[in-house]
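Written below as structure tokens is the structure these notes are about.
What follows is calculated from the coordinates using simple rules that are stated; it is not laboratory data. These numbers were taken from a predicted model, which means no experiment stands behind them. Cβ coordinates were reconstructed from backbone atoms using ideal geometry, including for glycine residues, and neighbour counts include every protein chain displayed.
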Amino acid sequence: MNNPDQPTCPPPKVENLKQMLQYQDKAVVSRMLAKNAGGSVTLFAFEGGEGLSEHTAPFDALVIGVDGSADIQVGGAGYRLAEGDTLLMPAHVPHAVSPTGRFKMLLVMIRGEKAVSPG
């Protein structure tokens, strides 16, 4: 039975991250894939020459490379992130994203307790 006051969720669907969001000329585009009180999951596509200048976030964030590569600065240290790589960025630590060309990444914002990197 449907409750009109309860939001409906779309049915489960398998999608390919590389194909879910297209590059746009001279732009950074994003698509929110999920969001709730625990955090959010957003897919980004950076056209070559575009990036994110240094900033901080109030929550820990996990970046997952989907396509291409980028140089990511976190707290003054540099990291190269490529397809299939992950990088945990701590809350309140300055970070910036500088793609080496076209680049897609999945950003998982983790609200609440401090995230712990396994291993």
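Apart from one condition, Y23 fits all of (1) in a loop (DSSP other than H, G, I, E, B); (2) at positive phi; (3) surrounded by 16 or more Cβ atoms within 10 Å (Cβ to Cβ); the exception is (2). Take R102 and tell me if it is of a type in the set (K, R), surrounded by 15 or more Cβ atoms within 10 Å (Cβ to Cβ) and assigned to a strand (DSSP E or B). Yes: the conditions hold for R102. Residues in segment 66-92 that are touching a Lys or Arg at 6+ places or on another chain (Cβ under 8 Å) and within 21 Å of M20 (Cα to Cα): V66, D67, G68, S69, A70.
Note on segment 31-87: residues that are touching a strand residue (DSSP E or B) at 6+ places or on another chain (Cβ under 9 Å) and in a strand (DSSP E or B) amount to 39. Consider segment 26-62 and keep the residues that are among the aromatic types (F, W, Y) and under 15 Å from M105 (Cα atoms). The one that is surrounded by the most Cβ atoms within 10 Å (Cβ to Cβ) is F46.
Quick check, is D67 in contact with a helix residue (DSSP H, G or I) (Cβ under 7 Å, 6 or more places away or on another chain) and more than 23 Å from R111 (Cβ to Cβ)? When the stated conditions are applied, D67 passes them.
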